[in-house]
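Worksheet for the structure shown next.
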Amino acid sequence: MYSQEISRQTPACFLFLLDQSYSMIEPLGGNESVRKCDQLALAINGWLQNMIIRASGESGVKDWLEVGVIGYRTDDQGNPIIESCLRGEIGDSWLQPISKINDHPLRIDQLNQQMWDEDLGEMTELPVEMPVWVDPVAEGGTPMCSVLHLAYGIFEEWIANHPNCFPPILVHITDGESTEGDPIPYADPIQSLATDDGNVLIFNGHLSMTAADPIYFPATDEVMPEELARVLFQMSSVLPDSLRERATAEGFDMQPNGRGMVFNADMIGLLQFLDMGTRVAKNLR
Amino acid sequence: MMNQDFQLPGCVIFLVDESSAMDVPIQEDLPNLPPGQSPRPRAANVSAAINSWIRRLGADRDPDVTIVGYKTSKEGEAVVGCRLDGAFGDHEFVPVNDLAATPLREEERVQRRPNPAGFGPPVEEPITIPIWYAPEPEGKAPQVAAFEFCAELLDRWEAAQEGSYARPLIVHVFAAGSADGNPHKAISQLLERGGDDAGPLVMNIHLSSAKLVPSTVYPSNRYYLPPGVMKDLYDRSSPLTESQRHTLRLANVPTNPKAAAMLYNAKMPDVAQAFKMIEAEVRAWPQKPVELAPTLPVDDFPPLSGDDLPGDGAETVNDDETATIAVSDRGYSLEKSDSPPVSTTVEDGSDADSLPDNVWSGESFEIVDEAETVPGNPAATLLKEGLVLLLCDRSVADPYSVSDTAAWPKLQERANAILTQAGKAADGRLELAVVTYGVDGAGETDVRATFEGPLVGQSFVKDEALTEGALRVEENWIQVPDGTGGLTSIPQTETIFLEQEPSAPAGTEEALNAAAGLVNQWCSEHPDACLPPVVVHLTRGPGDREAYHQHCQQLTDINTAAGSLVLYHLVVTEQPHRSVSYPADDSQLEWPGLQGLFELSSPLLGREELSVSKPTIVAADARGLVLNAKFDLLWDGIRAALADDSY
């Protein structure tokens with residue numbers, strides 16, 4: 001289970017669902033100078049770049065991965081707006097091969113990368129050029145049920161075409177409750193979809209506006225501090241052994257039965273959460 | 001902060017949107033609004049701010065001011081022009097003191113002030129407010145025509161100046177988008193007049209269009225602004241000048257060197273603060289060389305304080321002068337007005353205008369809390385020092401089992417982090433004390449009120465001595481975001497002061513006695529401290545609620561010249577509970593014990609500045625209570641309170 005190798009013949013599938021509601025304009029982790037929506041876009045762009053690099057070989061970027069990035073919000077009438085965050089040439093279908101993503105960034109931005117300089121004993125900045133695929137959006141409500149319903153359809157079709165592959169992974173990032181009612185009846189069917197190598201995995205990341213205490217990869221819902229956390233816990237899959245072992249090997253304190261979920265994350269929490277997905281890449285051939 | 005390079009003052013142009021978008025109520029939370037009342041329209045709020053600005057500056061300054069409004073008529077024609085009317089109907093610019101002397105009319109308003117008895121409902125008093133600007137919004141917003149008009153206005157004003165003058169200020173306040181084309185070119189031409197460091201300074205203030213969206217205030221990083229209006233506004237605003245950044249820094253609004261004079265989605269407190277910054281800028285200008293006696297009768301203003309002598313470069317006006325002009329060389333502080341104040345209220349960052357012409361009539365912007373003023377205690381004699389005492393509850397539910405949910409290990413980590421931060425930001429003003437409490441092996445209450453390690457035996461330790469005096473120092477590598485969507489490792493030094501075992505639950509009486517004893521001792525040795533003593537109680541929640549409330553009184557009863565003791569609670573619960581930070585009410589607290597802690601927690605020090613710089617996290621009446629989160633604003637708030645001259 002969850003041991004299928006990942007290659008061009010047996011690719012993996014990642015689908016990101018990004019909350020684009022109003023509240024995503026709030027600060028992240030108590031730091032008023034950074035907004036959740038901006039940090040999320042930065043994190044996703046960084047993740048895509050990371051996966052492109054891993055997928056790169058001498059003959060270019062190998063299509064070991066198909067990736068979708070879907071944003072969800074509502075208009076001012078409350079109607080759901082669900083669209084791909086990947087635009088232009090890569091906005092024509094929900095899932096895109098990683099090589100095509102590499103070929104079509106929205107633009108290249110110059111950012112300052114912070115690094116610790118041992119010799120100087122201080123942080124230094126290095127200008128780097130980073131491709132941007134996803135831009136921040138924050139507007140309206142949180143139609144979580146509609147987007148989960150869409151995700152189900154996308155995975156159902158993908159699995160029909162890839163019955164032997166590593167199961168698709170859904171990475172959902174939100175900062176608040178669904179404004180469309182209980183999302184669990186829409187998440188359960190997704191978790192029951194499966195390939196020969198195991199059930200679809202759903203990971204949920206929750207962003208906090210304040211410097212709240214984060215909860216990483218919980219094993220029981222008894223430590224969930226509020227209803228939203230309980231809902232997300234129920235929607236999150238238990239981490240497969242392989243992923244958990246790799247995280248433990250990197251120094252994380254992982255419990256058996258820990259779920260793919262982070263609650264009250266700040267930027268560090270978000271990035272560490274997204275890393276869990278990249279550990280699948282260890283299966284890359 | 002005198003502009004020594006200029007002989008003459010500049011001029012101020014208020015460029016105000018008068019389109020129908022300004023007829024819409026302001027989009028912000030007004031917790032003090034009486035029930036049944038809706039917020040007043042944007043135009044009313046903005047004109048009130050401008051009228052108030054004119055009244056304040058007209059008292060003792062004379063630079064030229066004008067108000068340019070823009071809208072369209074019913075036929076769609078642009079109606080752009082100077083709105084000064086009454087005695088100055090045919091003038092473009094008018095010296096602000098002349099303007100102040102002859103209002104268009106006066107209006108009766110009702111002002112709500114706190115009950116002088118100290119309790120009970122606020123008292124309503126009728127007051128009269130002078131009005132110079134009373135816009136009637138209609139139609140659309142012809143911004144291109146408006147900015148072109150400003151350029152022509154400036155041409156004429158500059159031609160009339162005889163000598164070098166300070167940079168004119170254009171303060172653009174608007175809600176609607178431009179209806180007559182993209183104003184970018186018109187504004188760029190204004191910005192580029194005169195070259196790099198000359199020419200007018202253009203400030204753009206966009207009024208809040210969404211209550212829940214926080215304001216973007218003086219942004220400096222264009223990259224992070226969303227494309228569209230915000231990025232455009234950044235390009236159309238002048239950078240803040242050094243003196244403007246200094247003024248904002250004094251009000252605890254940090255800005256970066258490339259910060260733009262721009263507010264997006266601004267709420268009225270942001271507008272008020274920006275207007276005060278403009279006021280400070282104007283006060284730093286030289287006076288005109290022509291003698292201008294203010295025509296205001298002196299009895300309208302209480303006598304100035306002793307430092308009103310025209311020392312530091314202020315021009316004295318002729319001997320018949322009825323009011324001297326005070327220019328302080330420490331620069332104008334947003335905290336306390338040096339000009340004749342017409343009220344005795346404490347400046348409050350969230351209070352749009354602390355003067356009694358509460359022009360937000362019927363909707364009290366901030367009920368001034370007179371308990372916060374320090375009557376009879378001029379700021380000069382209070383010393384900038386203070387005490388922060390950490391009261392630490394070492395109890396856990398079960399001291400014999402190792403549990404992830406145990407509170408004390410987490411609280412101890414917080415206490416050490418708080419002391420580490422105090423040591424890093426130390427400037428010699430604060431002293432720290434630590435009291436921990438638990439029960440010992442024999443079941444006896446165990447209260448320790450001194451530091452350990454190199455600082456052993458000391459109850460009070462100066463913040464500068466903390467880092468050297470740690471029990472031990474830990475160097476860890478932690479991961480931080482690297483700015484490109486990745487993580488990088490950096491070394492972090494943590495100083496450890498507390499390393500005590502968890503204990504079974506203990507009563508709070510002796511611990512509170514010990515804390516009160518220390519506080520009283522310190523206060524008697526430092527009677528002139530400007531900060532009231534601060535006690536931060538780190539706890540997992542009081543076992544016996546009633547006993548705690550009772551024993552707390554010896555702390556909460558402590559009153560000093562600087563105010564009554566400030567009691568905060570930093571709580572880590574062992575049963576799961578949602579995280580709560582700086583709440584303004586107890587609605588998010590699920591258990592009666594926690595609600596009780598809310599009642600006992602003092603309002604957060606520094607909340608006036610913090611509620612403006614961090615409006616989504618800190619409300620104007622936020623309390624010093626943090627549950628299952630970091631008390632990240634503890635030192636920011638205390639430093640803001642220390643910086644506040646009124647303490």
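The values are calculated or read from the model by the stated rules, or taken from the named source; none is laboratory data. No experiment lies behind these values; they were computed from the predicted model shown. Heads up, the Cβs are rebuilt from the backbone with ideal geometry, glycines too, and the neighbour counts pull from every protein chain shown. Calculation scope for accessible area: heavy atoms of the full protein, side chains included, ligands and nucleic acids excluded. Shrake-Rupley method; radii C 1.70, N 1.55, O 1.52, S 1.80 Å.
Annotations
Every residue, every condition in (1) at pLDDT 95 or above; (2) touching a helix residue (DSSP H, G or I) at 6+ places or on another chain (Cβ under 7 Å); (3) in a loop (DSSP other than H, G, I, E, B), yes or no:
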residue	(1), (2), (3)
B:570	yes, yes, no
B:575	no, no, yes
B:594	no, no, no
B:599	no, no, no
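- Listing of helices (runs of 4 or more DSSP H) fully contained in the stretch A:214-283 that carry 1 or more residues being modelled with pLDDT under 85 and among the charged types (D, E, K, R): A:241-249
- Check on residue B:571, within 14 Å of chain A (Cβ to nearest Cβ) and open to solvent by less than 30 Å² (accessible area, probe 1.4 Å): yes
- Unmet criterion (only one of (1) within 14 Å of chain B (Cβ to nearest Cβ); (2) under 22 Å from residue A:274 (Cα atoms); (3) open to solvent by 10 Å² or more (accessible area, probe 1.4 Å)) for residue A:224: (3)
- Of the residues making up the stretch A:176-190, those that are in contact with a Leu (Cβ under 8 Å, 6 or more places away or on another chain) and either farther than 19 Å from residue A:140 by Cβ or open to solvent by 40 Å² or more (accessible area, probe 1.4 Å) (or both) are A:177, A:186, A:187, A:190.
- Some residue of the stretch A:191-205 being assigned to a helix (DSSP H, G or I) and open to solvent by 60 Å² or more (accessible area, probe 1.4 Å): yes
- Answer residue from the stretch A:249-262, given it is hydrophobic (A, V, I, L, M, F, W, C) and over 14 Å from the mean Cα position of the chain (by Cα) and is farthest from residue A:226 (Cα to Cα) among those: A:249
- Some residue of the stretch A:157-176 being touching a residue at least 40 places away in the same chain (Cβ under 8 Å), within 13 Å of chain B (Cβ to nearest Cβ), in contact with a Ser or Thr (Cβ under 7 Å, 6 or more places away or on another chain) and not in a helix (DSSP H, G or I): yes
- Those residues of the stretch B:193-224 which are over 22 Å from the mean Cα position of the chain (by Cα) and of a type in the set (Gly, Ala, Ser), in sequence order: B:194, B:195, B:198, B:199
- Condition check for residue B:601: more than 26 Å from residue B:270 (Cα to Cα) and touching a residue at least 24 places away in the same chain (Cβ under 8 Å): yes
- Once the stretch B:233-248 is narrowed to residues that are under 23 Å from residue B:208 (Cα atoms) and without any contact (Cβ under 8 Å) to a residue 24 or more places away in the chain, the residue that is farthest from the chain's Cα centre (by Cα) is B:239.
- Selection over the stretch B:487-514 of residues that are part of a helix (DSSP H, G or I), touching a helix residue (DSSP H, G or I) at 6+ places or on another chain (Cβ under 6 Å) and either polar (S, T, N, Q) or crowded, with 23+ Cβ neighbours inside 10 Å (or both) gives a count of 1.
- For residue B:617, the conditions (1) in a helix (DSSP H, G or I); (2) farther than 29 Å from residue B:551 by Cα; (3) over 11 Å from the mean Cα position of the chain (by Cα) are fulfilled apart from (1).
- The stretch A:107-136, subset of a type in the set (A, V, I, L, M), surrounded by 13 or more Cβ atoms within 10 Å (Cβ to Cβ) and in contact with a Pro (Cβ under 8 Å, 6 or more places away or on another chain), residue farthest from the other protein chains (Cβ to nearest Cβ): A:132
- For the stretch A:13-27, the criterion of being open to solvent by less than 10 Å² (accessible area, probe 1.4 Å), part of a strand (DSSP E or B) and at the interface with another protein chain (Cβ under 10 Å from one of its Cβ atoms) is met by at least one residue.
- Residues being touching a Leu at 6+ places or on another chain (Cβ under 9 Å), within 14 Å of chain A (Cβ to nearest Cβ) and of a type in the set (A, V, I, L, M, F, W, C) are entirely absent from the stretch B:425-438.
- Here the strands (runs of 3 or more DSSP E) wholly within the stretch A:28-103 that include at least 2 residues being within 14 Å of another protein chain (Cβ to nearest Cβ) are A:31-35, A:65-74.
- Residue pairs meeting the criteria (Cβ under 7 Å; at least 6 apart or on separate chains; first among the basic types (Lys, Arg), in the stretch B:460-477; second open to solvent by 10 Å² or more (accessible area, probe 1.4 Å) and outside any helix (DSSP H, G or I)): B:462/B:428; B:462/B:431; B:472/B:496
- All positions within the stretch B:424-438 that are modelled with pLDDT of 90 or more and open to solvent by less than 30 Å² (accessible area, probe 1.4 Å): B:430, B:432, B:433, B:434, B:435, B:436, B:437, B:438
- Of all residues in the stretch B:570-594, those satisfying the criterion of being within 23 Å of the chain's Cα centre (by Cα) and not acidic (Asp, Glu) are B:580, B:581, B:582, B:583, B:584.
- Residues of the stretch B:440-471 satisfying the condition of being among the β-branched types (Val, Ile, Thr) and either surrounded by 18 or more Cβ atoms within 10 Å (Cβ to Cβ) or touching a helix residue (DSSP H, G or I) at 6+ places or on another chain (Cβ under 8 Å) (or both): B:445, B:447, B:461, B:467
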